[in-house]
Amino acid sequence: LMPKRRCTLHWHEHLEMHYVYHGGGTVMLNQVPHTLRPGDLLIVNPNELHYDTADDVPYQSDIVIFDLKALSPELAQRNILFCPIIHDDKTIAELFGRLHEESQFTKPAGRQMCKALLLVLLSYLVRNYTAKTLNERDSLQRQKDLERLYAALRYIDECYSQPITNAQLAEVARMSVSRFIHMFRQCVGMPPMRYVSDVRLKKAMSLLTTSNMAVTDVSAAVGFRDYNNFGRLFLKRF
């Protein structure tokens, strides 16, 4: 049981599934919010930007992350995108119950059984919850774009306390400034400088709740040069 979870904005090439038993929260997939409740299955397709937060109640879920190419090359080649949220499916509930039991590896061949159950689950999802398919060219281009964008996201997370400009981020992402701003808005859902400000405000909230630093010192530590502007934005955000 986890009282809260906090997952920062990221992406990966693996397929990720969360089956919720208790609690819930909000998940952002490509900047589209989805609400999770008990009995829901969340599917994060490969190369999707995502982060999540949990409610304050205890949260319990099974999380499965795996390389689809390794498990089933045939399915991976089809570049299938699954529906992001599936509600109250009895077949999925039964399969995750069996996966949970077998994942303890207390029975002979438990790992092999998990792989077999995952293949059954994937086959069921393909038949019932396929959202769309991507051609190989589009899939590779999206992966390339995200790799460049993620370099800029890492730069922001590491250098938020320093002055940051669109030109700097575009250089890190190896794009023109106009192309970078367009793709950032398209993938993240907000302009780069607004995202930088949001990262700084979240860092400030963390410092204010976990340290004895003065508010003026916190403002400077997270990269705000104007204390009054920091106060206005912080009150608006939190």
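The values are calculated or read from the model by the stated rules, or taken from the named source; none is laboratory data. This is a predicted model, so every value here is computed, not measured. Quick reminder, even Gly has a Cβ in these numbers, built from the backbone with ideal geometry, and neighbours come from all protein chains shown. Ligands, DNA and RNA are stripped out before the accessible areas are found, and what is left, the full protein with its side chains, is counted by its heavy atoms. Shrake-Rupley method; radii C 1.70, N 1.55, O 1.52, S 1.80 Å.
Here are some notes:
- Test item: Cα-centred dipole of segment 91-135, Lys/Arg +1 and Asp/Glu -1 on Cβ, debye: 160 debye
- Histogram of C-alpha separations across the chain, 5 Å bin width, %: 1, 6, 12, 14, 15, 15, 13, 10, 7, 5, 2, 0, 0
- Lysines with Cα under 16 Å of K69, excluding same-chain neighbours fewer than 8 positions away: K115
- Per residue of the chain, the DSSP helices (runs of n ≥ 4 H) give a summed -39500 (n - 2.57) that works out to -16000 deg cm²/dmol at 222 nm.
- Of the whole protein surface, Y21 contributes about 80 Å² of accessible area at a 1.4 Å probe radius.
- Added length on full extension, which subtracts the Cα-Cα distance from 0.36 nm per residue, D198 to V215: 4.4 nm
- Averaged over residues, the count of other Cβ atoms within 10 Å places the peptides 44-51, 200-207, 214-221 in the sequence 44-51, 200-207, 214-221, highest first.
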